[in-house]
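Visitor: My questions will all concern the structure given below.
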Amino acid sequence: MTYELSILVVNALLCLAFPWVYNYAYAKQRGVGSKRLMGNRDNLPERSGLAARGWRAHQNHLENLLPFATLVLVAHGIGLSNTVTVACATIFFAARLAHAGLYIAGISSLAGIKGVRSIVYLICVISMLVYGAQLFIA
C-alpha cells in the first residue's frame, strides 16, 4: 500500500471517530440521554455546544474526504506516487486533524490570528489542488 493510500485509510478512520465524540456530548445534553439516542431519535432537541460543533466538523471532513479519496485513488490507479503527492497527503491529514481539533474545541482565533480554522481549511484545499495538479503533470 502506498503512503497516500495509508493516509486515505487513516482519514477514513478519523471520519469514523467523529460520531463517538459528538454523540457522547449529545447524550450528555439536556433532554437527550443515551437511551433516547439508541432509539429512533424522533423529536430530539437540536444539538448544541460540543455536540453541534463535532457534527459540523464531521460534515466538513466528509465534504473533503470525497475529493481527497478521488485524487488518491486516481493517482494510485495510474501509478503516481512522488514526493509532492506524499507531502500533499501529509499536509492534508495534518490540516484535517488541526481543523477537527479547532472546530470541536470551538477555537476560532489562536495566538492573535483570527479565522485560524478557515486558514487551516484553506491549507487543506491547497494541498488537494497541488495533489490534483500532479495528475495532469504525470
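Visitor: Show the residue pairs meeting these rules: Cβ distance below 7 Å; 6+ apart or different chains; first residue within the stretch 89-106 and buried (at least 18 other Cβ atoms within 10 Å of the Cβ); second residue of a type in the set (D, E, K, R) and part of a helix (DSSP H, G or I).
Guide: Sorted first by the residue in the stretch 89-106, then by its partner, the pairs are Ala89/Glu4; His99/Arg117; Leu102/Arg117; Tyr103/Arg53; Tyr103/Arg56; Tyr103/Arg117; Ile104/Arg53.
Visitor: Would a scan of the stretch 42-53 turn up a residue that is aliphatic (A, V, I, L, M), farther than 28 Å from Ala105 by Cβ and not in a helix (DSSP H, G or I)?
Guide: First pass over the stretch 42-53, keeping only residues aliphatic (A, V, I, L, M): 44, 50-52.
Those left that are additionally farther than 28 Å from Ala105 by Cβ: none.
Checked against the condition, which is being aliphatic (A, V, I, L, M), farther than 28 Å from Ala105 by Cβ and not in a helix (DSSP H, G or I), the stretch 42-53 yields no hits at all.
Visitor: Only one of (1) touching a Gly at 6+ places or on another chain (Cβ under 7 Å); (2) more than 19 Å from Val120 (Cα to Cα) fails for Val9. Which number is that?
Guide: (1)
Visitor: Ok, one more. Quick one: would you say Leu13 is surrounded by fewer than 12 Cβ atoms within 10 Å (Cβ to Cβ), modelled with pLDDT of 95 or more and under 19 Å from the mean Cα position of the chain (by Cα)?
Guide: Judged against the criteria, Leu13 is a match.
Visitor: Continuing with this model, one more query. Do we have Leu122 as out of contact with any Phe, Trp or Tyr (no Cβ under 8 Å at 6 or more places or on another chain), buried (at least 16 other Cβ atoms within 10 Å of the Cβ) and not in a loop (DSSP other than H, G, I, E, B) here? Outline the logic, then answer.
Guide: Working: out of contact with any Phe, Trp or Tyr (no Cβ under 8 Å at 6 or more places or on another chain): yes; buried (at least 16 other Cβ atoms within 10 Å of the Cβ): no; not in a loop (DSSP other than H, G, I, E, B): yes.
So Leu122 fails the test.
Visitor: Regarding Ser6, is this residue of a type in the set (Gly, Ala, Ser), surrounded by 12 or more Cβ atoms within 10 Å (Cβ to Cβ), modelled with pLDDT of 90 or more and not in a loop (DSSP other than H, G, I, E, B)?
Guide: Here the answer is yes, as Ser6 does meet what is asked.
Visitor: hydroxyl-bearing (Ser, Thr, Tyr) and touching a residue at least 60 places away in the same chain (Cβ under 8 Å): does that describe Thr83?
Guide: Numbers: hydroxyl-bearing (Ser, Thr, Tyr): yes; touching a residue at least 60 places away in the same chain (Cβ under 8 Å): no.
Taking the combined requirement at face value, the residue does not satisfy it.
The values are calculated or read from the model by the stated rules, or taken from the named source; none is laboratory data. Nothing here was measured: the structure is a model prediction, and the numbers come from that model. We place every Cβ from the backbone using ideal geometry, glycine too, and count neighbours over all the protein chains shown.
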